[in-house]
Amino acid sequence: MQKANIKFKIAVLPGDGTGPEAVKEGMKVLEAASEVHGFQYEVIEYDFGGDRYLRSKETLPDSALEEFRKMDAIFLGAIGHPDVAPGILERGILLRIRFALDQYVNLRPVKLHPGVRTPLRDKRPEDIDFVVVRENTEGLYCGVGGFFKKGTEDEVAVQEMISTRKGVERCIRYAYELTRRRKKNYHITLCDKANVLTYSHDLWRRTFAEVGKDYPDIKQEYAFVDAVCMWMVKNPEWFDTIVTCNMFGDIITDLGAVIQGGMGIAAGGNINPQGTSMFEPIGGSAPKYTGRNMINPLAAISACQMMLEHLGEEAAATSIEKGIVYACSRLKSLSAGEMGYTTSEVGDMVAAFVRKIKIKT
Ligand code: IPM
Ligand code: MN
């Protein structure tokens, strides 16, 4: 099957550490899905990451950002290199892309697939199925601040938390729309700390309430971030959509990843609904496993699923998700080195599953 005139241009950044191994399996599954579901795509690969930085001191040239703007999506492996000081690659590549391409939502589903062990005793797949909408271009991530009297005993360090009405509103609106599309509980939770962050999160609360007037079908709830952490462990079934600021979203989605089975399965999308979005496994570059065919590629495969969903290839995305669920039922564990399969075998398993669906239908 071939669809006329549709050819997705996908920028692929394998990145550092285990990023390339994970990306390879994601690409394997993408290829299987394209054969079965008839979409065409073209991959443009970029070698940005630690090795290139160590060779050339270049993180990400402006020209690459211009090229990315013309792409349909970006697929990223992992960024982070043991020989590069923390922050350089993260800020120079990952955060730079998020900010420059105005990917204002970081979408992180937290879903426990059947057969996956969660550290939460007594919780089942139907209890752990929510999505975190993390604001992705503001907050404490703007890098606004400075030092005063640095290095002296009177040193002052300031790090500003930036919230703009526009930035907060577009993120919140996206979250409400998503809550409708999910058709789950029609329930949205604003995760904030309005009792302490009396300016920034006052703006978030007012905006949440105002935008919410356009969504009378959706039940609104407010929860402080510390309480959200507690409930994610005690009662994750209470959540449907959680919307939150950049820093809180970063923190609670690591907790989310753990309750859905770990970094081996957690993926996210950096979304600009009007521009180019980027999809990534959220686990990092895991240097100690590099090149050992041991890491779990399901997170990267799941990022590929999210990318196809975003590109409107819903049937392909659904078949990949079923392949992931199948793989979860076969793997002994989702942790690196404990799967009972190698990285490439897990990729083969999902790709084969995606191809088999074609034969059945
Ligand atoms: C993430 C990561 C990044 C973040 C780091 C690598 C800058 O932790 O995607 O969650 O803080 O956003
Ligand atoms: Mn993080």
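The values are calculated or read from the model by the stated rules, or taken from the named source; none is laboratory data. A quick note: this is a predicted structure, and the numbers were derived from the prediction, not measured. Ideal geometry is used to build each Cβ from the backbone, glycine not excepted, and the neighbour counts take in all protein chains shown. Just so you know, the surface numbers come from the protein's heavy atoms only, side chains and all, with ligands and any DNA or RNA stripped out. Shrake-Rupley method; radii C 1.70, N 1.55, O 1.52, S 1.80 Å.
Figures for the structure shown
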quantity: Residue in segment 1-22 that is within 16 Å of Ile97 (Cβ to Cβ), in contact (Cβ under 8 Å) with a residue 12 or more places away in the chain, open to solvent by less than 10 Å² (accessible area, probe 1.4 Å) and in a helix (DSSP H, G or I) present; calculated: yes
quantity: Some residue of segment 197-205 being touching a residue at least 12 places away in the same chain (Cβ under 8 Å), open to solvent by less than 70 Å² (accessible area, probe 1.4 Å) and touching a strand residue (DSSP E or B) at 6+ places or on another chain (Cβ under 6 Å); calculated: yes
quantity: Evaluation of Asp214 against (1) within 16 Å of ligand 2 (Cβ to nearest atom); (2) open to solvent by 70 Å² or more (accessible area, probe 1.4 Å); (3) more than 27 Å from Lys322 (Cα to Cα) (one fails), failing number; calculated: (1)
quantity: Elements of type helices (runs of 4 or more DSSP H) in segment 23-114, at least 1 residues being touching a His at 6+ places or on another chain (Cβ under 9 Å) and at pLDDT 95 or above; calculated: 50-56
quantity: Asp226 vs. criteria open to solvent by 20 Å² or more (accessible area, probe 1.4 Å) and among the acidic types (Asp, Glu); calculated: yes
quantity: Enumeration of residues in segment 102-138 that are open to solvent by 10 Å² or more (accessible area, probe 1.4 Å), in contact with a strand residue (DSSP E or B) (Cβ under 9 Å, 6 or more places away or on another chain) and not hydroxyl-bearing (Ser, Thr, Tyr); calculated: Leu107, Arg108, Pro109, Lys111, Pro125, Asp129, Glu138
quantity: Tally of residues being surrounded by 22 or more Cβ atoms within 10 Å (Cβ to Cβ) and away from ligand 1 (no atom under 11 Å from the Cβ) across segment 69-96; calculated: 4
quantity: Leu65 being away from ligand 2 (no atom under 16 Å from the Cβ), farther than 29 Å from Ile172 by Cα, open to solvent by less than 30 Å² (accessible area, probe 1.4 Å) and not charged (D, E, K, R); calculated: no
quantity: Residue count, segment 325-341 (criterion: open to solvent by 40 Å² or more (accessible area, probe 1.4 Å) and out of contact with any helix residue (DSSP H, G or I) (no Cβ under 6 Å at 6 or more places or on another chain)); calculated: 9
quantity: Hits in segment 139-179 - residues which are open to solvent by 60 Å² or more (accessible area, probe 1.4 Å), part of a strand (DSSP E or B) and touching a residue at least 12 places away in the same chain (Cβ under 8 Å); calculated: Ala157, Val158, Gln159
